[in-house]
Structures are given as C-alpha cells and as structure tokens.
Amino acid sequence: MDLLSQIVARAKANKQRIVLPEAEEERTLCAADKVLADDIAHLILIGNPDKVHALAKEKGLTNIDKATLIDPENCEKSEEYAQLLAELRKKKGMTIEQARELVKNPLYLGCMIIKTEGADGQISGALSTTGDTLRPALQIIKCAPGITCVSGGMLLITKEPQYGENGVLVVGDVAVTPMPAANELAQIAVCTAQTAKSVAGFADPRVAMLSFSTKGSATHEVVDKVIEATRLAKEIDPSLKIDGELQADAALVPSVGKKKAPGSEIAGNANVLVFPNLEVGNIGYKLVQRLGDAIAIGPILQGIARPVNDLSRGCSVDDIYYMVAITACQAMDAKK
C-alpha cells in the first residue's frame, strides 16, 4: 500500500469532523462528494444551501446530503460564536458588532466551530489566500502549547528507496516563516517530526538540521543558528532523535554520514529534513520535485492547536480529497 493509501486508510479507521468552508466552490464540492462516498471523514460544509444543492445537482454529486451543511448567513449558533469571538479578541479592540459580521465569514465560522469542539480540523484555500486561511486560525484556535511559530511541512515521495523511509522524506519549513530565529527553527524541527509521525506514519522520525556545514566544517553565524536550534529542539522534546548541523549528503547517504559525522545516529539515516530558512526549503523541495521526479504533498500547516490546512488556488479535486485525509490524521494526533 502506497503512502497516500495508508493515510486514507488511517483516516477511515478513525473518522474525524472536518470543515470545508468553501463548499460553494466546484472542486471542493466534488472532493467532498468523493470523501463522503469513501467514508473518510465526517464533513461540515459551509455555504449557501441553495447554491450548494444546485451545484451538486449540476455535477451529479449524490453523496452531499451525508454532510452537515451550514449556511453562514443563518447559523443557529451565530450569536454564541460572536460573543465568544468578541471575548477572545477584546484586547485587540473587537466589538460585538464586528464579531457578528466576522462569524458570517465561512473561514471564521469554521474556526469557531472547531474552537467550540464542534469539529476537528479545517481546509480552505481553493478560493482563499494563505493569509485569509491563517488569520482566523491564529486569532481563534491559536498555536499549540509551547509553539509560537507556524510552519509548513511537505511529504516528498521519491523513487529512491535507499533514502529516508523507503524513499519518503518529510521536510520543513517550505511555506510560512521566511527567516526563523533559532528558537523558531527548533519549533519547526519538533513540529515537522510530529508531522512525520501523524501524517507519514513514521514510527521513528530522525531529524537532520541542514546547513552548508557539517559538524564545524564551516563557520558562520547562520551555521551557529542551526547548532543553537538543534540544542533548543532537544530541550523542547528530549526524546527527539535529532542532529545538526549536517549537509544534505551527510544527512542522507550512510557512507558520507560516517565520514563527515562519525558517531552520529542521524547522519546518513535521516528521514526528516529541516531547512535553515524558507528560501532554502522552498527552492530545495521544488528542485527535488522537478529534477528528481518526486511527488510533493503539502504544504501541511504545523504548529496550530487544531489542524487548519491551506490549499493552492490551483488545487485539484484529488489534492483536496487527500488533504482531508491528512488533516484527519493530524486531528487524531492533536487529541492525544
């Protein structure tokens, strides 16, 4: 069974409640129909019921009635949500009138449903920007305990089984934080290892903190940041298997790892790679994807107390379908 099939199977075995706040969007509704047909998750769709039903009829979608459909303009819990939102944001000056308008926004409404334990995760982005997706999540759901830095993980499925976990690597950050400080980079390492467990199913994440230096082969302040981040990550999670600084070849190739970092349990055996900054991460994963013909799945947002994931506005129906399963796996882990 390939990795995506494994993720779907885990989601089906423990169905979570996932919000799709862009239910009036064609690809989203088609993906929802497929999720419901395959019984992967309990879906909460947010949208105008007349528009949703008309689109479902037009596209021949026969499973939409299995979902819970909420009209953002006529939600029976709108006032409850508005009161809570105003309380959460009162230090920022939010009035109850402003809160009442915001909870009509499907992205805010979905996060309020999660905040009040009515759902386990949310996915948007087919119509919305990353900023629009993240803003309500950070204002309402907030970061996980001990985390202040949201990041984006990526699954890389390569054709080279000798690397990572039978050719699968989990990498971060590829999407959110441009220049993380050492403490933020440490958090990214911990969160990316958690994604490796909850989504990729790695029983034993082995984290390499990447740099252009391996164990003092070069000196520079950016290398010092990686070394400090490695130390801080161990403080955050003493059980984490992590080493750095390591060059990419030292992290992945056993013979190189033994030569450049003798005695390291990670060098040559890493299955989780943490990039020193977003520029390196974004360029790196796209080079592997295009030149190495790897499958890249994500970004998977990390560090939020309950999973809220972002889609590309160019996403496909399958992208949304699999992101539902990924979000469900994250949601299971967040409850532990």
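The alpha carbons of segment 210-336 stretch over 46, 37, 27 Å along the principal axes, in descending order. Solvent-accessible surface (1.4 Å probe) assigned to LEU84 amounts to roughly 60 Å².
Taking label points 7 Å from Cα along the Cα-to-Cβ direction, LYS92 and GLU79 give a separation of 2.5 nm. The residues of segment 178-251 expose, per residue, 41 Å² of accessible area to a 1.4 Å probe. If you look at the Cα atoms of segment 1-148, you get an Rg and a Dmax of 16.0, 52 Å. Rounded to the nearest 20, the size of the Cβ-charge dipole of the chain about its Cα centre is 620 debye, with Lys and Arg at +1 and Asp and Glu at -1. Computed across the chain, the Kirkwood radius stands at 20.6 Å (inverse of mean 1/r, all Cα pairs). Largest GNM mean-square fluctuation among THR28, THR192, THR158, using the chain with Cα springs under 10 Å: THR158. Taking the convex hull of the alpha carbon positions in segment 102-165 and averaging its projected area over all directions gives 6.6 nm².
Within the chain, antiparallel bridges make up roughly 35 percent of the DSSP beta bridges whose residues both belong there.
Site pair ASP39 and LYS286 shows an inter-label distance of 4.2 nm when each label is modelled 7 Å from Cα along Cα→Cβ. Rounded to 0.05, the FRET efficiency of the ALA203 and ASP224 pair, given R0 = 35 Å and the Cβ-Cβ distance, is 0.60. The C-alpha atoms of the chain define a longest principal axis, and helix 278-291 lies at about 90 degrees to it. Note on TYR163: accessible area approximately 70 square angstrom, rounded to 10, probe 1.4 Å, nucleic acids and ligands left out. Helix 221-236 axis versus longest C-alpha principal axis of the chain: approximately 70°, rounded to the nearest ten.
Normalised by the number of residues in segment 1-143, the average gap of Cα pairs under 8 Å and 6 or more apart makes the relative contact order 27 percent. On the accessible surface of the chain, probed at 1.4 Å, how many percent belong to carbon and sulfur atoms? About 51 percent, which is the carbon plus sulfur part of the accessible surface.
Dividing the mean sequence gap of close Cα pairs (under 8 Å, 6+ apart) by how many residues the chain holds gives a relative contact order of 23 percent. Potential lengthening of the chain between ASP2 and HIS53 amounts to 14.9 nm, from the contour at 0.36 nm per residue minus the alpha-carbon distance.
Rounded to the nearest 10 degrees, the angle from helix 106-115 to the longest Cα principal axis of the chain is 70 degrees. In the elastic network of the chain, a GNM with C-alpha springs shorter than 10 Å, the most mobile of GLY118, GLY164, GLY263 is GLY263. Comparing LYS159, LYS90, LYS142 in a Gaussian network model of the chain where C-alpha atoms under 10 Å apart are linked, the largest mean-square fluctuation is found at LYS90.
SER217 contributes an accessible area of around 80 Å² to the protein surface, as traced by a 1.4 Å probe with all chains present.
Straight-line cross-link reach from LYS104 at under 19 Å between alpha-carbon atoms covers these lysines, not counting any fewer than eight positions away in the same chain: LYS51, LYS77, LYS90, LYS115.
When the Cα positions of ALA208, PRO106, VAL170 are compared along the charge dipole of segment 59-213, ALA208 comes out farthest toward the positive end, with charges on each C-beta of Lys, Arg, Asp and Glu.
The values are calculated or read from the model by the stated rules, or taken from the named source; none is laboratory data. These numbers come from a predicted model, not from an experiment. Cβ sites come from the backbone with ideal geometry, for glycine too, and all protein chains shown count toward neighbours. To get the accessible areas, we keep the full protein, side chains included, count just its heavy atoms, and leave off ligands, DNA and RNA. Shrake-Rupley method; radii C 1.70, N 1.55, O 1.52, S 1.80 Å.
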